[in-house]
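The values are calculated or read from the model by the stated rules, or taken from the named source; none is laboratory data. Just so it is clear, the structure is predicted and the values come from calculations on it, not from any experiment. Note that each Cβ is placed from the backbone with ideal geometry, even for glycine, and that neighbours are counted across all protein chains shown.
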There are 2 protein chains.
Amino acid sequence: MTELDHSGPSVLPEPVTGFAGSAAGRDIFTIRDLTKEFAVSARTLRFYEEKGLLDPARRGEQRLYSRRDRARLAYVIAGKTVGFSLEEVREMLDLYDLGDGQVTQLKVALTKFGQRIERLERQKADIDRIVAELTRASDAMKEKLAAREHADQA
Amino acid sequence: MTELDHSGPSVLPEPVTGFAGSAAGRDIFTIRDLTKEFAVSARTLRFYEEKGLLDPARRGEQRLYSRRDRARLAYVIAGKTVGFSLEEVREMLDLYDLGDGQVTQLKVALTKFGQRIERLERQKADIDRIVAELTRASDAMKEKLAAREHADQA
DNA sequence: TGCTATCTTTACGTTTACGTAAACTAGATG
DNA sequence: CATCTAGTTTACGTAAACGTAAAGATAGCA
């Protein structure tokens, strides 16, 4: 199994602030919980923590992940699947933790958000073009197939 | 300049078959032409060739890129920006060069195309979710800003 | 002819995002 | 109590996607 799965349900179950909190499941998750839910390795979760993307609590040595950690993890995975580096994802997540900063910082954050959104919109356009291309090629192949099968029957 | 630009015009100027051919510009491009047009290094183009993504002709030692090469390069870049690895992009491009293969191969190709398209659609959904998140957070910040400035005037 | 600019191959270096192995600890279970 | 089972830290390994430096070939030009 060398290729990642990515067939699971799409990510972002709730806002990354994790303040909504009144949803269904638990409020605390073990490392195994998250590896199973998101199909990532424990190593990956520790690595994300090392990089400042997650910051789980501890019970002795064990890591305990909050809803907020879980939401952030979902955000990291979503960001990755659409082409952001971990560093870029961290920058975006940091913007959330800025909520009560200085006015200047808020303005900077707003600008960055805007840039991210624009970039994502461009990516969507790229995806649309590639899908169109693939669909075109796909249709062409289908016609060839049909032609062959027709010939086989004659 | 550690981060890539990505502000240029979106890619895919023409179908990757490169058979359309009747567009505007030239029919032959030097390595410099392509580095400038697509904002990639010469090293990158040679690397892509080494990996079987491009296959330019030669005039002596110099590489000469055709419209088809150029179209394929555009496809590679588009594929990369939406999260495909070079290997995956190569697989997709190979499907195009299969046009006259066996019926079985055509069917395999069709299946793969379908999977690619599905994956891209999922990615689009992810992007939409992230954009929605970013927009929400952005709006929240704007409100905070407005509140502060209002307070400053009072 | 000598210089410069551009291209080439070869090869080692670098960053990102983890994998994997070793050695240790703590709690559960027969 | 011994032995799993999960978890932990530390550290080296690796694949992808190039960057970068070295050294040589070629073409244009003053």
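Would you tally the residues in the stretch B:84-111 being outside any helix (DSSP H, G or I) and at pLDDT 75 or above? Qualifying residue count, the stretch B:84-111: 2. The residue that is farthest from the other protein chains (Cβ to nearest Cβ), among those in the stretch B:57-81 that are under 14 Å from A:E133 (Cα atoms) and at pLDDT below 85, is B:G79. Looking at the stretch B:22-36, which of the residues that are free of Cβ contacts under 8 Å to residues at least 40 places away in the same chain and within 13 Å of DNA strand C (Cβ to nearest atom) is nearest to the other protein chains (Cβ to nearest Cβ)? Residue satisfying both the conditions and the ranking: B:L34.
All conditions in (1) at pLDDT below 75; (2) assigned to a loop (DSSP other than H, G, I, E, B); (3) surrounded by fewer than 19 Cβ atoms within 10 Å (Cβ to Cβ) hold for B:V11, with the sole exception of (3). Taken over the stretch A:108-134, the criterion of being at the interface with chain B (Cβ under 7 Å from one of its Cβ atoms), closer than 23 Å to B:I117 by Cβ and without any contact (Cβ under 8 Å) to a residue 12 or more places away in the chain is satisfied by A:R119, A:R122, A:K124, A:A125, A:D126, A:I127, A:R129, A:I130, A:V131, A:E133, A:L134.
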